[in-house]
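The values are calculated or read from the model by the stated rules, or taken from the named source; none is laboratory data. Because the structure is a prediction, the values reported are computed rather than measured. When we count neighbours, we look across all protein chains shown, and the Cβ atoms used for this are built from the backbone with ideal geometry, even at glycine.
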Amino acid sequence: MKLIVESSDSFVPQLVTVGRNLAKIDQIKGALDCSNLTWVTPVSILPLAARIYEKRILVADKAPYLNTISFPSGIDDPDLLPHGKTYLPIMRFPTNSEALIEKITTGFIRLVLRHIGFGNLITNAFFYAVDEMVTNVWEHSLSKWGWVFVQYFKSKGFLDVVILDQGRGLKKAYEEAFGRSFSDKEAISKALEGDSIKKDKERGYGLRTTRKLVTQSKLNGKFIIIIISGTNGHFAEKGRDLFFDLETWEWKGTIIVMRLYKVTETINYVDYVE
């Protein structure tokens, strides 16, 4: 069985294709043929890698680029990250080691900023956004693994980052914390409002501040964030803020997608932390 190829820059067709490919993976009997996936985007491939790894599906044949990005199992040692590339390969990190996660996150972010070419203008803002999302996976997902993949499309001038887990998702996290039922949309709303599931209420999921940083800073709406949990998602950029329904598929866990364009002014995340 072969998967569907998706080459669009738009997140909408990418997400549609992800759903169709996940359905194929869930129904497969035998080995999977990925020889036709000669080029992929972080959004189109990382959920598939996580699902294939979880279900222990044999990949019989792969296009060369998939080997380059360590598909499907990823790498779990930050010392193995390549230098000077326009991508960083799929990373799979265990959620039971705070020290290892910190090492992976720090190494990952430094390589992105140093070698992919985004420089010092957005260093602390990018570090804050990625660190918050990875920390969410570690603290709240109850998933064994978290996943990260980044690709810089130099000719198009943007960087795509995807961070995901296959844990309990926002809905279940809030239901367990508050002792009542939530819809996926309600749970995403709670996270975006900054309602913490922690008893000390020190912080929420980090999504509220990240969205504020994304949509209200000097990034000027050129930093796009998509949050997916269960059957619903949320899209935010400057001037647009909306919920959407996945319609034909759902994700057990949470997917965070960020698209970042180069900027000309320094962004300080502290100005947006509440």
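Below are the figures for this structure:
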read-out: Members of the range 115-149 that are closer than 19 Å to Ile69 by Cβ and either modelled with pLDDT under 75 or in a helix (DSSP H, G or I) (or both); value: His115, Ile116, Gly117, Val130, Val134
read-out: Selection count where residues are farther than 21 Å from Ile163 by Cβ and either hydroxyl-bearing (Ser, Thr, Tyr) or not assigned by TED's automatic domain parsing to the domain that holds Val162 (or both), scope the range 231-269; value: 3
read-out: Val257 at pLDDT 70 or above, surrounded by fewer than 17 Cβ atoms within 10 Å (Cβ to Cβ) and within 13 Å of Ala129 (Cα to Cα); value: no
read-out: Single residue of the range 1-27 satisfying the filter (of a type in the set (A, V, I, L, M) and surrounded by fewer than 16 Cβ atoms within 10 Å (Cβ to Cβ)) that is farthest from Glu54 (Cα to Cα); value: Val12
read-out: The range 154-165 residues that are closer than 24 Å to Ile228 by Cα, paired with ones that are assigned to a loop (DSSP other than H, G, I, E, B) (beta carbon under 7 Å, 6 or more apart); value: Leu159/Ile116; Leu159/Phe118; Asp160/Thr41; Asp165/Ser141; Asp165/Ser143
read-out: Residue among Ile52, Ile45, Ile104 that alone is of a type outside the set (S, T, N, Q) and either more than 22 Å from Ile225 (Cβ to Cβ) or loosely packed, with under 13 Cβ neighbours inside 10 Å (or both); value: Ile52
read-out: Residues located in the range 39-65, provided they are free of Cβ contacts under 8 Å to residues at least 60 places away in the same chain and closer than 28 Å to Phe235 by Cα; value: Trp39, Val40, Ser44, Leu48, Ile52
read-out: Filter result for the condition that a residue is surrounded by 16 or more Cβ atoms within 10 Å (Cβ to Cβ), in the same structural domain as Lys252 (by TED's automatic domain parsing) and hydrophobic (A, V, I, L, M, F, W, C), over Ile90, Ile57; value: Ile90
read-out: Qualifying positions in the range 61-93 - in a helix (DSSP H, G or I) and closer than 15 Å to Tyr152 by Cβ; value: Tyr65, Thr68
read-out: Unmet requirement for Ser229, which otherwise passes all of (1) buried (at least 21 other Cβ atoms within 10 Å of the Cβ); (2) within 17 Å of Gln14 (Cβ to Cβ); (3) out of contact with any Phe, Trp or Tyr (no Cβ under 6 Å at 6 or more places or on another chain); value: (2)
read-out: Those residues of the range 128-140 which are touching a residue at least 12 places away in the same chain (Cβ under 8 Å) and more than 13 Å from the chain's Cα centre (by Cα), in sequence order; value: Tyr128, Trp138, His140
read-out: Whichever residue in the range 207-223 is surrounded by fewer than 19 Cβ atoms within 10 Å (Cβ to Cβ) and assigned to a loop (DSSP other than H, G, I, E, B) and, among such residues, is modelled with the lowest pLDDT; value: Gly221
read-out: Of the criteria (1) hydroxyl-bearing (Ser, Thr, Tyr); (2) closer than 23 Å to Gly253 by Cβ; (3) modelled with pLDDT under 95, which one Tyr53 fails; value: (3)
read-out: Residue that is nearest to Ile226 (Cα to Cα), among those in the range 11-31 that are β-branched (Val, Ile, Thr) and within 19 Å of the chain's Cα centre (by Cα); value: Val12
read-out: Selection status of Ala49, touching a Pro at 6+ places or on another chain (Cβ under 9 Å) and either outside any helix (DSSP H, G or I) or hydrophobic (A, V, I, L, M, F, W, C) (or both); value: yes
